[in-house]
Amino acid sequence: MRILVVEDDRKVASFIQRGLEEEGYAVDVLHDGNDAGDQAHQAGYDCVVLDLMLPGRSGFQVLRDIRARKADLPVLILTAKDSPEERVTGLDSGADDYMGKPFALAELSARIRALLRRGTPRETKLRIADLEIDTVRRAVSRGGRVIELRAKEYALLEFLVRNSDRPITRSIIIEHVWDIHFDSVSNVVEVHVNSLRNKIDRGFGRQLLQTVRAVGYILTDGNP
């Protein structure tokens, strides 16, 4: 899952980014509204967290731009402008949710999860062979055995399961699991794939996570 945060307060933006990344999201941050609409349109974001009082173009201008080009992209306004009238204006302008500052990160995260569930109906129980994922609890098991994953390992696994039985290139993995500042020449993807493979496949008779030569990776119950 990839989220765009548009917030001019760098400390607040960093706080949100760290918190969401700890939950496994890929997070990109912009500090003004000038390019926010274009970036939201061009990149494959699942949700936008948008401040209203931005340098350059205002949050309302960014929101109108997003709605003109991506009507179904969930947008959560996060702002200090929190009167009932301002909330009504924000929601009537096309926001899917409206949250005032100061805020609790746990509530922000819960609201994002709710928007993601609402925007595109998504299964909460995923299964391939004897591997199971509970996406609400972020719990993984195989053959009844609980598998402990780090945040990025979980994000990678959920993405592969949702795209099971089709080869996924390294660049697509980077786009959906890491952010735009990711060093594309590093071996972080390979390290995470190997770590994930050790956790979900080692000790089991059937190998689910496989390498497709010259293409990338595939999570499959059969042969790639």
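Quick look at the numbers
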read-out	value
Single residue of ARG137, ARG113, ARG117, ARG170 found to be at pLDDT below 90 and surrounded by fewer than 13 Cβ atoms within 10 Å (Cβ to Cβ)	ARG137
Filter result for the condition that a residue is closer than 22 Å to ALA26 by Cα, crowded, with 19+ Cβ neighbours inside 10 Å and of a type in the set (Gly, Ala, Ser), over ALA151, ALA155	ALA155
Pick from region 77-94, criterion hydrophobic (A, V, I, L, M, F, W, C) and out of contact with any helix residue (DSSP H, G or I) (no Cβ under 6 Å at 6 or more places or on another chain), ranking: farthest from VAL49 (Cα to Cα)	VAL88
Pairs where the first residue, in region 97-114, is without any contact (Cβ under 8 Å) to a residue 40 or more places away in the chain and more than 18 Å from THR135 (Cα to Cα) and the second is small (Gly, Ala, Ser) and in a helix (DSSP H, G or I), C-beta under 8 Å, 6+ apart	ASP97/ALA114; TYR98/GLY90
Restricting region 60-92 to residues that are under 25 Å from GLU23 (Cα atoms) and surrounded by fewer than 17 Cβ atoms within 10 Å (Cβ to Cβ), the residue that is modelled with the lowest pLDDT	ASP72
Residues within region 61-100 that are outside any helix (DSSP H, G or I), farther than 21 Å from ASP38 by Cβ and of a type in the set (Ser, Thr, Tyr), tallied	3
Candidate set from region 201-224 (those that are of a type in the set (Ser, Thr, Tyr) and without any contact (Cβ under 8 Å) to a residue 60 or more places away in the chain); member that is surrounded by the most Cβ atoms within 10 Å (Cβ to Cβ)	TYR217
Selection status of VAL193, within 21 Å of ASP221 (Cα to Cα), modelled with pLDDT of 90 or more and not in a helix (DSSP H, G or I)	no
Only listed residue being in contact with a strand residue (DSSP E or B) (Cβ under 9 Å, 6 or more places away or on another chain), surrounded by 19 or more Cβ atoms within 10 Å (Cβ to Cβ) and modelled with pLDDT under 90, chosen from ALA36, ALA95, ALA43, ALA26	ALA26
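The values are calculated or read from the model by the stated rules, or taken from the named source; none is laboratory data. Source: prediction; values computed, not measured. Please note: Cβ atoms are built from the backbone with ideal geometry, for glycine as well, and neighbour counts cover all protein chains shown.
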